[in-house]
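Working notes, beginning with the structure itself.
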Protein chains: 2
Amino acid sequence: MKTLDWNQLSDAEQALALRRPALAQGGRDAQVADIINKVRAGGDATLLQLTRDLDKAERRSLRLSEQEIDAAAGRVSEELKAAIELAIGNISAFHRAQVPAPISLDTQPGVRCELHFQPIEKVGLYVPGGSAPLVSTVMMLAIPARLAGCERVVLCSPPPVNDAIVYTAKRCGVDAIYTLGGAQAVAAMAYGSETVTKVDKIFGPGNTWVTEAKRQVAADVEGAAIDMPAGPSEVLVIADESADAAFIASDLLSQAEHGPDSQVVLVTPSQDLAARVYQALAEQLAQLSRRDIAAQAIDNSLTLLCRDLEQAAAISNAYAPEHLIVQTEDPRALLPKLKNAGSIFLGAWTPESVGDYASGTNHTLPTYGYARTYSSLGLADYQRRYTVQELSPAGLQAIGPAVELLAATETLDAHKNAVSLRLAKLEKQQ
Amino acid sequence: MKTLDWNQLSDAEQALALRRPALAQGGRDAQVADIINKVRAGGDATLLQLTRDLDKAERRSLRLSEQEIDAAAGRVSEELKAAIELAIGNISAFHRAQVPAPISLDTQPGVRCELHFQPIEKVGLYVPGGSAPLVSTVMMLAIPARLAGCERVVLCSPPPVNDAIVYTAKRCGVDAIYTLGGAQAVAAMAYGSETVTKVDKIFGPGNTWVTEAKRQVAADVEGAAIDMPAGPSEVLVIADESADAAFIASDLLSQAEHGPDSQVVLVTPSQDLAARVYQALAEQLAQLSRRDIAAQAIDNSLTLLCRDLEQAAAISNAYAPEHLIVQTEDPRALLPKLKNAGSIFLGAWTPESVGDYASGTNHTLPTYGYARTYSSLGLADYQRRYTVQELSPAGLQAIGPAVELLAATETLDAHKNAVSLRLAKLEKQQ
């Protein structure tokens, strides 16, 4: 872990310290475009072929049958089901609280303006495969979709799809599970095939193939919208002298074990605390199954020594972390100063893990600095807002002359005429 | 205007009828990238040079001085100021009603989850130039920015900036007005210069140069987010036998006068109404100052004869229009069936023009089919949502074991360990 004293750095050095490493694009653009084109042209046959070639899986159907789903569910332990149930309860409660109320307002007498919400009709969820079955990702993506009222919710995950993922998807009301991974999964959901539903918006994390495919389909109006831009996971911890160094080390390692490109930053006014955290890191690292990955991320990570907690907040705001953990004597006192974070974890008893799984907040968060402008995933991402207006004759008479003048100022005759015609008719009637 | 009988069309023909024409990209990618690179490298000097070369304007400063602003304001008529005042009142009222309330909820005892909102810190507004001063665009972009609490709101418009635009920007609380247009304006706001503030998000319409520049800066994390993808303006009118044909013709022409690429669609079960609308169109078209533009758009436009209003709603939902006008005997009865529209105008006394200027709704709307997933512009686009959580010791003890099991299932040891360490400490304390 590299340690820098913030107040010894020049402006340029400060900016450099908070700069994230360039994302490896891997030059996948053309390869991904090729996969997307093949899927659009060849449909199911191409998808089955790609699954055979890339995922080494031989399947007759891209969609899991009810029998397969039931069999998988039967293999999930009751203990895990109970943990999933607890998480679903909390995630549902927090996202249900986000269901918006429509607005209806007379901006002036006879001029009714309304804001309505509608669910996005069809959504597609992507859940990565690999050794770790991302049960939490299924819950975080599917629960708000159902609460938002989306008509159809489908999920892609590369074969073999883990039993716990299948169970959780079924439990969260996913309509169809497709055994598809990578760019071909994104292409299938964006454009549809004989078996796969074409969706309006695609959600979920993924590797560089998935990320590039999401980028490409989002740029095409015939494709699908996407949840948010992707980047490596990251955490920033603000801590003072009072913090438990072992807790902080465990939080830094939670982030570090995601991958060698994870970003881990500790900001503290206490050099003593920093020293204690390094000690704890060394002790805990030795115990981890993913210690090689975590050690690499910790090597690349950063401790910033700052003047006080106010400066710590300013540093965090400039960095705009995905996860922000505050372990100080009075964490809530710092909250009004904190901006540009994906999700904030207050106090010693709130490790990032609780938000990743079961407190109720969503773990899908803007990363790589996007937290300056992008929101953490919520019910709003599964709905869209639109406006409605209705004027009475008196309402039109009240605002019509102003509209006529503004339209004339913008040299839009027909806009003016649409009002003038109506005002003339009303005048004749009176 | 082409007339098609919807129920005589095959599925493929129906899809084709609702397909929008391909957007002319103009192959501007490389030219725009070049302008952006020049602006990033050269700052103010480059911006002044580009303004000299492209806008033929010789300026010493990119920013309007207070004297210039006051002088411009002095040249705006009192009558226009009063119309602007009326519009500002209604737009402010409707957008103020959208200010969200934070959420705070115990998903279970000791597990506090919160949803907070923060304004996007710095925003940039783009207002196109040309012969028509788009006063309404200034109001629609600046009023929600101020109500959302954005710290800095800047505006670019190509020189010479019209007096009414300057006055309205000042009146709506814009902090700085830059005499910059095109791709160079977008580049300046996305990356900043000696004079121009670097912003976090850019809003507003523009020509293909502006659109391409917005696309490019949005794809760069160092650049800026943008409001929504752009496309030509469009209207769909649903009308029945009871509608006033002259009103409908005036609404179709309001759209048509925006440009030859405007999309204009009439959907009606009444062949008689369609005939009356054609007659009214011919009469009104002859009177318009922009009749050449409007005539081209009307030539490309479409009447779809349908079975009934329910089918009309389904056609509109499939098309996903930017503006949807409903002129039927009972327009509100159709509202629950309508989806995928940017803004809906109900009844004979609600021409599109009222929403364009002064009813209170925002006229910045998703077009080109994006209304399936994108929202009409609102206060929410100037803010971001983030979550906060805080657990008590009892709260952690209640959900900790479930988090440990879920983390273990995902083979994330360190995530589990962050909880286990804390539970062990609590156990020792008790």
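The values are calculated or read from the model by the stated rules, or taken from the named source; none is laboratory data. Quick caveat: nothing in here was measured; it's all calculated off a predicted structure. Ideal geometry is used to build each Cβ from the backbone, glycine not excepted, and the neighbour counts take in all protein chains shown.
May I ask you to say which residue of B:Lys170, B:Lys198 is at pLDDT 95 or above and closer than 30 Å to A:Val217 by Cα?
B:Lys198
Among the residues of region A:49-102, those identified as within 14 Å of another protein chain (Cβ to nearest Cβ) and more than 24 Å from A:Ser136 (Cα to Cα) are A:Pro100, A:Ala101, A:Pro102. From the list A:Leu115, A:Leu80, the lone residue that is in contact (Cβ under 8 Å) with a residue 24 or more places away in the chain, more than 30 Å from B:Ile88 (Cα to Cα), hydrophobic (A, V, I, L, M, F, W, C) and crowded, with 19+ Cβ neighbours inside 10 Å is A:Leu80. The set of residues in region A:369-403 being in contact with a Ser or Thr (Cβ under 6 Å, 6 or more places away or on another chain) and acidic (Asp, Glu) consists of A:Glu390 alone. Please determine whether any residue of region A:135-144 is buried (at least 23 other Cβ atoms within 10 Å of the Cβ), at pLDDT 95 or above, in a loop (DSSP other than H, G, I, E, B) and within 13 Å of another protein chain (Cβ to nearest Cβ). No, the conditions are met nowhere in region A:135-144.
Scanning region B:243-288 for residues that are of a type in the set (S, T, N, Q) and within 11 Å of chain A (Cβ to nearest Cβ) turns up B:Ser250, B:Ser254, B:Gln255, B:Ser262, B:Gln284, B:Gln287.
Residues in region B:325-347 that are more than 7 Å from chain A (Cβ to nearest Cβ) and either touching a Gly at 6+ places or on another chain (Cβ under 6 Å) or assigned to a loop (DSSP other than H, G, I, E, B) (or both) were compared, and the one that is nearest to B:Leu141 (Cα to Cα) is B:Asn340.
Does region A:85-112 hold any residues that are touching a residue at least 24 places away in the same chain (Cβ under 8 Å) and within 21 Å of B:Thr373 (Cα to Cα), and which are they? Passing the criteria: A:His95, A:Arg96, A:Gln98, A:Val99, A:Pro100. Looking only at region B:219-254, residues that are part of a strand (DSSP E or B) and under 30 Å from A:Thr211 (Cβ atoms) come to 2 in all.
Scanning region A:243-258 for residues that are out of contact with any His (no Cβ under 7 Å at 6 or more places or on another chain) and among the small types (Gly, Ala, Ser) turns up A:Ala243, A:Ala245, A:Ala246, A:Ala249, A:Ser250, A:Ala256.
For region B:155-210, a residue qualifies if it is more than 18 Å from B:Thr51 (Cα to Cα), within 17 Å of the chain's Cα centre (by Cα) and not basic (Lys, Arg), and the qualifying residues are B:Asp200, B:Ile202, B:Phe203, B:Gly204, B:Pro205.
Checking B:Ala282, B:Ala294, B:Ala249, B:Ala218 one by one, the residue that is out of contact with any helix residue (DSSP H, G or I) (no Cβ under 6 Å at 6 or more places or on another chain), of a type in the set (Gly, Ala, Ser) and over 30 Å from B:Gln383 (Cβ atoms) is B:Ala282 and no other. Please count how many residues of region A:211-223 are within 16 Å of the chain's Cα centre (by Cα), within 11 Å of another protein chain (Cβ to nearest Cβ) and buried (at least 19 other Cβ atoms within 10 Å of the Cβ). Going through region A:211-223 one residue at a time, the tally reaches 1.
Tally the residues that are facing chain A (nearest Cβ under 7 Å), buried (at least 24 other Cβ atoms within 10 Å of the Cβ) and not basic (Lys, Arg), restricting the search to region B:376-388. Residues in region B:376-388 being facing chain A (nearest Cβ under 7 Å), buried (at least 24 other Cβ atoms within 10 Å of the Cβ) and not basic (Lys, Arg): 4 in total. Against the list (1) on the phi > 0 side of the Ramachandran plot; (2) in contact (Cβ under 8 Å) with a residue 24 or more places away in the chain, the condition A:Thr367 fails is (1). For the residues B:Ala294, B:Ala275, the requirement of being at pLDDT 95 or above, more than 20 Å from B:Thr350 (Cβ to Cβ) and in a helix (DSSP H, G or I) singles out B:Ala275. Checked against the criterion of being modelled with pLDDT under 95 and within 20 Å of A:Lys170 (Cβ to Cβ), the candidates A:Gly129, A:Gly89 yield just one match: A:Gly129.
Please work out if B:Thr367 is under 30 Å from A:Val403 (Cβ atoms), more than 7 Å from chain A (Cβ to nearest Cβ) and among the hydroxyl-bearing types (Ser, Thr, Tyr).
yes
Looking only at region B:402-430, which residues are over 16 Å from A:Leu252 (Cβ atoms), within 49 Å of the chain's Cα centre (by Cα) and part of a loop (DSSP other than H, G, I, E, B)? Result: B:Glu410, B:Thr411. In summary, B:Pro366 fulfils each of the numbered conditions (1) more than 15 Å from the chain's Cα centre (by Cα); (2) not in a helix (DSSP H, G or I) with the single exception of condition (1).
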